[in-house]
Amino acid sequence: MLFFIILTLIITFISQSFESGEYSISELIRPGNILRDVSDIIKPFLLKNREMNKSGKVLIGTVAGNIHDIGKDIVALVIAVNGFDTLDIGIDFPAIIVVEKIIWTYS
């Protein structure tokens, strides 16, 4: 899919700019937010073309102490458009809460 090729190129450029010192951590926030906004806009169109049969269920989130959700959001999008029923629980959850959400949601 063209969207994922372009997304990969953008992420690679941003990563290389950060690794080379051209971008600082604060300069990663805006491109990350833009990627998230674009993903939110395009996701309904990508999901519309998928079959209704789901491949499985995935719960995604970040554990306590990790508030970096840009990568999580991209992975959640890729998983969803590939036919998985995806539940994004957000960021900064203690591991026990993640386990409880898995049990309550998928049992």
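The values are calculated or read from the model by the stated rules, or taken from the named source; none is laboratory data. For clarity, every value in this text was computed on a predicted model and none was experimentally measured. Here Cβ is always computed from backbone atoms with ideal geometry, including for glycine, and neighbour counts include all displayed protein chains.
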When only residues in the stretch 15-30 that are of a type in the set (A, V, I, L, M, F, W, C) and touching a helix residue (DSSP H, G or I) at 6+ places or on another chain (Cβ under 7 Å) count, which is nearest to Asp69 (Cα to Cα)? Leu28
Anything in the stretch 31-44 that is exposed (fewer than 11 other Cβ atoms within 10 Å of the Cβ) and closer than 15 Å to Asp69 by Cα? List them, or say none. Asp37
Looking at the stretch 66-90 only, could you name the residues that are more than 11 Å from the chain's Cα centre (by Cα) and under 23 Å from Pro31 (Cβ atoms)? Asn66, Ile67, Val81
Can you pull out the residues in the stretch 20-30 that are among the aliphatic types (A, V, I, L, M) and crowded, with 16+ Cβ neighbours inside 10 Å? Leu28
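Just to be sure, is Ala80 touching an Asp or Glu at 6+ places or on another chain (Cβ under 7 Å), part of a helix (DSSP H, G or I) and closer than 23 Å to Lys101 by Cα?
So Ala80 does not fit the description; no.
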If you check Lys54 against the conditions, is it touching a strand residue (DSSP E or B) at 6+ places or on another chain (Cβ under 7 Å), loosely packed, with under 14 Cβ neighbours inside 10 Å and among the basic types (Lys, Arg)? yes
For the stretch 60-77, how many residues are hydrophobic (A, V, I, L, M, F, W, C), out of contact with any helix residue (DSSP H, G or I) (no Cβ under 9 Å at 6 or more places or on another chain) and not in a helix (DSSP H, G or I)? 1
Residues being on the phi < 0 side of the Ramachandran plot, surrounded by 12 or more Cβ atoms within 10 Å (Cβ to Cβ) and not hydrophobic (A, V, I, L, M, F, W, C): count how many of those fall in the stretch 83-104. 5
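Residues checked against (1) aromatic (Phe, Trp, Tyr); (2) at pLDDT 80 or above; (3) under 17 Å from the mean Cα position of the chain (by Cα); (4) closer than 18 Å to Ala76 by Cα:
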residue: Thr8; (1), (2), (3), (4): no, no, yes, yes
residue: Tyr23; (1), (2), (3), (4): yes, yes, no, no
residue: Leu28; (1), (2), (3), (4): no, no, yes, no
residue: Ile34; (1), (2), (3), (4): no, yes, yes, yes
residue: Asp40; (1), (2), (3), (4): no, yes, yes, yes
Can you find even one residue in the stretch 65-73 that is of a type in the set (Gly, Ala, Ser), in contact (Cβ under 8 Å) with a residue 12 or more places away in the chain and crowded, with 17+ Cβ neighbours inside 10 Å? no
Selected residue [over 30 Å from Phe18 (Cα atoms), more than 14 Å from the chain's Cα centre (by Cα), in contact (Cβ under 8 Å) with a residue 24 or more places away in the chain and in a strand (DSSP E or B)] from Lys57, Lys101: Lys57
